[in-house]
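Shown next, in structure tokens, is the structure this report addresses.
No value in this document is a laboratory result; all are computed from the given coordinates. Just so it is clear, the structure is predicted and the values come from calculations on it, not from any experiment. Neighbour counts run over all protein chains shown; Cβ positions are idealised from the backbone, glycine included.
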Amino acid sequence: MTTGRASAREVIALVADDFGQFPDPPGGERSSLPDGPLGWPGYDASRERAARRTGESESVVCGTASVQGTRAVLIAFEFGFLGGSLGERTGDRLEAAYTYAREHRLPIVPLVATGGSRMQEGMLALTQLQRVARQSALTREAGLPQIAVLRDPTTGGGWATLGAGADVVLALPDAQVGFAGSRVRPPDADPAAYTARAQVGAGAADALVSPAELRDVLGGWLRLLTDQSLREPATDTSVTATTTSVTDTSASDASTATDAPATSVAAAPVPAALGVCDLPRTGWEAVRRARAPERPRARAYLDAYFTHRRAISGDRCGGVDPDGMLCGFGLHQGRTVAYAAQTGAATRPAGYRTATRLIRLADRLGIPVLTLVDTPGAANDAEAERQGAGAAIAELFGVVATARTPITTLVIGEGGSGGALALAAPGRTWATPDSYFSVIAPESAAAILKRSPAETEATAGQLRIRPQDLAELGVIRITQAR
């Protein structure tokens with residue numbers, strides 16, 4: 001298959017090792033009404049033609065499958081059946097599929113290709129979106145992942161429920177994706193805005209995946225998000241945590257640093273420091289080390305920590321921050337760990353919202369989280385203010401404070417003010433020897449205090465921002481190299 005415009009059976013064969021279709025759920029008496037619930041002239045004939053053409057009796061095919069060894073419930077849309085539209089019988093099948101997934105603790109994978117709700121069934125068709133939304137919400141509350149694949153086309157209510165409402169959204173590169181279908185858009189609308197590529201760029205989808213790679217990528221995501229070893233205690237002897245006048249807290253106490261409910265998930269181990277081993281002599285030396293171009297950055301830490309990883313992208317509010325925040329899930333010592341990592345740049349509002357989205361998902365699925373702090377601070381330009389920087393940071397502070405799953409934080413470079421602290425776990429924050437954490441940058445502190453720029457270095461010392469200073473203050477613990 002080289003295009004997103006494929007049949008339900010073709011896309012199932014593309015991703016699944018095997019497939020067992022569900023029987024039709026009860027409710028068939030409704031479909032026996034002449035020309036449907038509205039008595040729409042010719043509706044019966046249209047359904048009969050669609051059935052002969054596609055070999056299907058409805059616009060979705062649902063069942064269980066194995067995707068590279070992970071069992072899942074698949075929902076595959078048949079666009080050839082009345083444009084993959086949703087009607088009452090479609091809603092019956094979707095509700096039955098979600099219910100089965102919850103009863104059997106299986107992830108659910110919608111393979112979406114739909115033009116929207118079925119006009120021949122009027123408002124009864126449109127209200128199926130409410131049924132789908134409820135089933136998706138119940139599945140989310142049950143702690144089961146939903147991974148959507150956007151095919152061509154994914155428009156209307158199918159996009160706004162099964163697609164955009166999933167935890168992870170993958171898209172085939174040539175797919176048309178948008179709430180408005182091609183026949184109902186404004187005449188001057190830019191067609192490029194209604195593409196899978198545009199949705200990834202706007203933070204509404206996580207990644208473009210070619211058909212040839214889809215089985216591998218989907219299988220990898222299913223393994224990561226359905227890890228059965230999540231509650232197994234992890235051991236890691238690769239780092240030594242040292243403190244100065246700080247009482248250490250065990251991993252099992254991670255959730256008690258806040259008032260969040262206790263969890264049995266073992267915390268993510270602290271990564272080893274990859275940079276210099278000795279502690280800085282002065283505050284200004286700590287700043288210079290953290291700002292050094294050669295210092296290891298987030299990608300180096302993630303490469304060393306994970307055997308492989310998959311990224312999520314976007315805040316689902318129209319924004320992405322690829323230069324400031326890296327988020328996703330990876331395997332560490334055979335165990336899934338979520339990560340949110342600052343890259344050394346100023347973090348934009350979309351970056352904070354993406355991290356919030358990640359931690360909420362990990363919390364729901366019972367996956368421990370690793371955060372890497374490295375930013376001079378939150379982006380403070382006018383556009384960041386218009387994008388809601390304060391609200392985005394506040395939301396992240398809140399989700400970190402209330403997460404039930406344990407969060408482990410390592411400061412690997414600059415810890416600039418609240419824009420860095422928002423990502424740090426209370427009671428479970430470590431720092432490398434080539435990092436610092438400060439209430440504000442020394443230059444800004446000197447300016448606010450109306451000091452000469454020549455006093456910046458002395459101000460850095462007074463702020464007590466070295467790792468050993470922070471350990472004495474009880475703010476962090478220090479991690480050493482292997």
Checklist entry - Say the dipole of region 241-479 comes from +1 at the beta carbon of Lys and Arg and -1 at that of Asp and Glu; which of 432, 307, 327 then lies farthest toward its positive end? => result 307
Checklist entry - Looking at the square roots a ≥ b ≥ c of the eigenvalues of the Cα gyration tensor of region 377-429, which shape do they give, rounded for a/c under 1.5, prolate if a/b is larger than b/c, or oblate? => result oblate
Checklist entry - If Lys and Arg each add +1 and Asp and Glu each add -1, what is the summed charge of the other residues whose beta carbon sits under 11 Å from the beta carbon of residue 411? => result -2
Checklist outcome for this item: Relative contact order in percent for region 11-66 (Cα pairs under 8 Å, 6+ apart) equals 51
Item to check | Structure-based [θ]222 nm, the chain - -39500 (n - 2.57) summed over DSSP H runs of at least 4, per residue, nearest 500 | outcome: -9500 deg cm²/dmol
Checklist entry - How do 132, 184, 112, 169 rank when sorted from fewest to most other Cβ atoms within 10 Å of their own Cβ? => result 184, 132, 169, 112
Item to check | Dimensionless Rg ratio for region 241-479, taking C-alpha atoms and the 2.2 N^0.38 Å reference | outcome: 0.96
Item to check | Prolate/oblate/rounded call for region 8-225, Cα gyration tensor, a/c under 1.5 rounded | outcome: oblate
Next on the checklist: Explain nothing, just the number: dipole magnitude of the chain about its Cα centre with +1 on each Lys and Arg Cβ and -1 on each Asp and Glu Cβ, in debye rounded to the nearest 20.
Outcome noted: 100
Next on the checklist: With just the Cα atoms defining each centre, how far is region 421-476 from region 133-166? Give it in Å.
Outcome noted: 44
Next on the checklist: Please list, by residue number, every one of the trypsin sites (Lys or Arg not before Pro) in region 131-203 that is coil in DSSP and has at most 10 other beta-carbon atoms within 10 Å.
Outcome noted: 183
